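Asks: I am attaching a structure below and will ask some questions about it afterwards.
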Amino acid sequence: MQEPSERQRFLLALIVHEYARTAAPVGSRNLVEHYNLDMSSATVRNELAALTEMGYLRQPHTSAGRVPTEEGYRYFVGRLMQETSLPDTVRHTITHQFSQMHNDVDQWMKLAASVLAFQSRAASLVTAPHPEVTRLKHLELISTRGRQVLMVVVIVGGEIRQRFLTLSEPVTQEQLSATADAITRLCQERDSAGVRTQRSAFSELALEFIDPLVEALGQSNQTAAGEIYLDGLSNVLAEPEFTNSEEARRALRVLEERSVLQDLLARTVQTNNLVGGVQVLIGGEGGWDDLRQSSLVIGRYGVPGLATGTLGVLGPMRMAYGRTISTMRFLSGLLSNLVAETLVDEE
């Protein structure tokens, strides 16, 4: 697409801000009067017409003002949005709120989702910190009845996997506890591949648990996210373009269906449309038709190699990108520190 001039870039940024504020098409006279521009309405009108010709703006009706196109938003986010940060008072308030949660990861996630939804005025999602490489912390084997045993796999970072197994013959709880201790001693801190290499060191009874243990660790490695926390869905439904809209229902369905959401998160975190560590998906780019009237902002937090999680905001394309992205960056740093202080200490 044609590169806009400096004045056109300035006007495009103003229209993005104004449209985000009012949800109404923006006219040349409105821009001149509201922002005290040192140029005439006719000059602004000509520049807006040029931006429309380039594909950055569109005019819903002949007599209406202009609104940004998907390309206009992409250009704004990638080229025009200045580095922004939250006001100190907001940062201090958020930090204080988290300090009241002690080491309660569940409360951290709920608070992070609430803060994101409030600051962005959109729908938010936060995934609990999830091990990047799943390693065994502890194994428990519990006799239930007959030959049936409950295998409890505790993963480094606190995640738990449970599975019922049926043994070849009944064994006592004492035997199960001794076997679990032996497997833990040899396999603690190992991933699925590491556990597999220890097969020759185990008793015949222990070998009945090794393949299920390897499978449990492998399944956890493939999980895109831990528990998902949502907030602010009513914010999206209150937006004028989503009121009584099938588009809103389709977008929210992405958040509500866990398998779809996990697939979306797994695919978007690997893309390259980064803005200072934050990824912005505008209008369903990448093949997400359900999001074609929306924007999704994704960020990451955590300790690489130990545990990471995802932060996300879903809203209309005219969302306040500056406030949303600055909030996400601040929360990412805050949660990363909390994960480091808590989960690293547990090891």
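Asks: Considering only the range 41-86, how many residues are on the phi > 0 side of the Ramachandran plot and surrounded by 15 or more Cβ atoms within 10 Å (Cβ to Cβ)?
Replies: 0
Asks: Which residues, taken from the range 32-48, are more than 13 Å from Arg7 (Cβ to Cβ) and among the small types (Gly, Ala, Ser)?
Replies: Of everything in the range 32-48, those that are more than 13 Å from Arg7 (Cβ to Cβ) and among the small types (Gly, Ala, Ser) turn out to be Ser41, Ala42.
Asks: Out of the residues in the range 109-137 that are assigned to a loop (DSSP other than H, G, I, E, B) and within 30 Å of Met151 (Cβ to Cβ), which is modelled with the lowest pLDDT?
Replies: Glu132
Asks: Here's another thing I want to ask about it. Let me spell it out: the conditions are (1) assigned to a helix (DSSP H, G or I); (2) not assigned by TED's automatic domain parsing to the domain that holds Val280, and Gln97 meets all of them except one. Which number is the exception?
Replies: (2)
Yes/no matrix, rows are residues, columns are (1) modelled with pLDDT under 85; (2) under 30 Å from Ser245 (Cα atoms); (3) assigned by TED's automatic domain parsing to the domain that holds Glu247; (4) part of a helix (DSSP H, G or I):
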residue	(1), (2), (3), (4)
Asn272	yes, no, yes, no
Ile298	no, yes, yes, no
Met319	no, yes, yes, no
Arg323	no, yes, yes, yes
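Asks: Same structure, new question: Looking only at the range 48-84, which residues are more than 30 Å from the chain's Cα centre (by Cα) and of a type in the set (Phe, Trp, Tyr)?
Replies: Residues satisfying the conditions do not exist here.
Asks: If a residue counts only when it is in contact with a helix residue (DSSP H, G or I) (Cβ under 6 Å, 6 or more places away or on another chain), which helices (runs of 4 or more DSSP H) contained entirely in the range 22-75 have at least 3 such residues?
Replies: In the range 22-75, 28-35, 41-54 are the helices (runs of 4 or more DSSP H) which contain 3 or more residues that are in contact with a helix residue (DSSP H, G or I) (Cβ under 6 Å, 6 or more places away or on another chain).
Asks: A further question follows. Which one is surrounded by the most Cβ atoms within 10 Å (Cβ to Cβ), of the residues in the range 7-33 that are under 18 Å from Gly322 (Cβ atoms) and without any contact (Cβ under 8 Å) to a residue 40 or more places away in the chain?
Replies: Going through the qualifying residues, I end up with Glu18.
The values are calculated or read from the model by the stated rules, or taken from the named source; none is laboratory data. The structure displayed is predicted, hence computed values, not measured ones. Here Cβ is always computed from backbone atoms with ideal geometry, including for glycine, and neighbour counts include all displayed protein chains.
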